[in-house]
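Please read the structure below before turning to the comments.
The values are calculated or read from the model by the stated rules, or taken from the named source; none is laboratory data. What you are looking at is a predicted structure, and each value in this text was computed from that prediction instead of being measured. We place every Cβ from the backbone using ideal geometry, glycine too, and count neighbours over all the protein chains shown. Calculation scope for accessible area: heavy atoms of the full protein, side chains included, ligands and nucleic acids excluded. Shrake-Rupley method; radii C 1.70, N 1.55, O 1.52, S 1.80 Å.
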Amino acid sequence: MSTSRPFRSSLRVVLLCLATGLAATSAAAQQLTVVSFGGSYQEGQSKALFQPAAKALGITLKEETYTGIADLRLKAKAGAVTWDVVASGSGSAARAGAEGILEKLDYKVIDISSFAPGLASDYCVGGDVFSTVLAWNTKTYGEKGPQSWADFWDVNKFPGKRAYRKGVAGALEPALMADGVPPEKVYEVLASPGGIERAIKKIKDLKPHIAVWWSSGAQHAQLMKDGEVDMVTGWNGRFDVVAKDGGKVAYTFNQALLDYDCYAIPKGAPNKDLAMKFLAEISKPQYQAEFTKYITYGPTNKKAYELGTIDAAYAKRLPSYPENAARQLPIDLDWYTRFEAQAATAYQNMLSE
């Protein structure tokens with residue numbers, strides 16, 4: 001008994017649809033969406049890490065920008081996670097991991113055996129070491145500008161417009177140091193009753209002199225490039241890019257916050273397994289050494305220094321260089337996991353007053 005022509009025709013259509021669907025699924029599985037902070041930072045990531053890793057893995061990469069983990073929080077709440085990999089500050093990632101909006105990373109896939117201690121966590125793998133520093137306009141103050149957070153708060157000795165971070169990450173620690181708390185005691189005070197309130201009160205005192213509350217690295221870099229403010233908190237590498245472009249900016253590592261950026265996979269990421277392989281790839285030393293050429297952030301993989309591609313004199317400008325690191329306060333991720341939500345609410349209340 002022969003199969004009827006209409007049946008055979010229908011069968012071909014069904015098989016063709018199935019084949020097309022499988023091909024589309026396969027193609028989708030080979031595309032990742034990565035989100036970072038934009039500006040010169042993401043430009044360097046794209047050239048040194050993202051696109052070369054995508055090429056090595058034979059995948060297509062889509063890049064987007066965001067302001068931080070708070071954007072992911074909104075997507076997760078709406079059940080609309082479209083990103084596979086997110087760049088984040090370590091403190092924000094620690095909190096997000098505790099909240100359950102990040103996937104636990106598989107360190108059988110991602111090799112961190114040659115990473116410096118403390119630069120990877122359950123939910124985030126370190127990509128670079130940076131510093132939150134005090135920067136100033138050299139046109140206003142010369143090369144020897146404010147050298148401490150007490151100076152940043154001293155509007156009589158250093159009159160001028162300030163810019164400060166709109167988010168709480170890295171905002172409270174300088175305030176306490178300006179209030180006389182030794183760096184090694186900062187997190188002890190912040191974890192004690194009234195500690196967060198003390199820091200916020202100190203920032204509130206400076207509020208009349210803060211012309212801009214910045215919300216991204218690209219923004220605070222632009223403020224200094226345009227000479228809109230006289231001093232600002234911000235990330236060292238961004239200011240080095242501004243100075244390289246002719247901007248009148250300098251900064252100090254004294255009392256800076258030693259921190260690291262990391263990469264995480266959102267809970268419910270469309271391509272979790274491929275994202276894990278991507279993180280393994282960009283964690284290799286050759287990628288991290290290449291990234292230092294674009295911005296003065298140190299590698300988290302110690303082997304990056306052994307490749308001979310980072311100039312010895314240049315290495316001395318990186319935040320993780322021993323002499324620079326010794327002058328700084330390392331970020332306490334445990335404090336951020338426990339207290340950032342509470343601190344963020346109090347901080348936003350102060351901003352809206």
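Brief remarks on what is shown
- Of everything listed in (1) buried (at least 18 other Cβ atoms within 10 Å of the Cβ); (2) over 14 Å from LEU134 (Cβ atoms); (3) touching a Lys or Arg at 6+ places or on another chain (Cβ under 7 Å), the single unmet condition for GLN219 is (3).
- Near pairs, Cβ below 7 angstrom, 6+ apart or cross-chain, from segment 29-45 (in contact (Cβ under 8 Å) with a residue 12 or more places away in the chain and outside any strand (DSSP E or B)) to any residue that is among the hydroxyl-bearing types (Ser, Thr, Tyr) and open to solvent by less than 10 Å² (accessible area, probe 1.4 Å): GLN42/SER36; GLN45/SER36
- Flag if THR67 is closer than 14 Å to ALA169 by Cβ and either open to solvent by 20 Å² or more (accessible area, probe 1.4 Å) or in contact with a strand residue (DSSP E or B) (Cβ under 7 Å, 6 or more places away or on another chain) (or both): yes
- Number of the exception - PHE50 against (1) open to solvent by 10 Å² or more (accessible area, probe 1.4 Å); (2) modelled with pLDDT of 95 or more; (3) hydrophobic (A, V, I, L, M, F, W, C): (1)
- Looking across segment 333-352, just one residue is more than 16 Å from GLY194 (Cβ to Cβ) and in contact with an Asp or Glu (Cβ under 9 Å, 6 or more places away or on another chain), and that is ALA341.
- Count of segment 296-353 residues which are surrounded by fewer than 13 Cβ atoms within 10 Å (Cβ to Cβ), under 22 Å from CYS262 (Cα atoms) and hydrophobic (A, V, I, L, M, F, W, C): 1
- Cβ separations smaller than 8 Å between residues 6+ apart or across chains give the following pairs from segment 302-327 residues that are within 17 Å of THR252 (Cβ to Cβ) to residues that are aliphatic (A, V, I, L, M) and in a helix (DSSP H, G or I): PRO319/ALA325; TYR321/ALA315.
- The set of residues from segment 211-249 being touching a residue at least 40 places away in the same chain (Cβ under 8 Å), over 20 Å from the mean Cα position of the chain (by Cα) and farther than 14 Å from PHE152 by Cα comprises VAL212, GLY227, GLU228, LYS248, VAL249.
- Residue selected from segment 71-88 under the condition assigned to a strand (DSSP E or B) and of a type outside the set (Ser, Thr, Tyr), by the criterion farthest from the chain's Cα centre (by Cα): VAL85
Yes/no per residue for (1) at pLDDT 95 or above; (2) surrounded by fewer than 24 Cβ atoms within 10 Å (Cβ to Cβ):
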residue: LYS248; (1), (2): yes, yes
residue: LEU258; (1), (2): no, yes
residue: ALA264; (1), (2): yes, no
residue: MET276; (1), (2): yes, yes
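- Per the listing THR296, THR337, THR309, the residue uniquely more than 19 Å from the chain's Cα centre (by Cα) and among the hydroxyl-bearing types (Ser, Thr, Tyr) is THR309.
- Annotation note: of ALA280, ALA264, the sole residue that is farther than 17 Å from GLY170 by Cα, of a type outside the set (S, T, N, Q) and in contact with a Cys (Cβ under 7 Å, 6 or more places away or on another chain) is ALA264.
- Answer residue from segment 89-119, given it is under 22 Å from ARG327 (Cα atoms) and open to solvent by less than 40 Å² (accessible area, probe 1.4 Å) and is nearest to the chain's Cα centre (by Cα) among those: GLY89
- Taken over segment 232-249, the criterion of being within 22 Å of LYS166 (Cβ to Cβ), assigned to a helix (DSSP H, G or I) and not polar (S, T, N, Q) is satisfied by GLY237, ARG238, PHE239, VAL241, VAL242.
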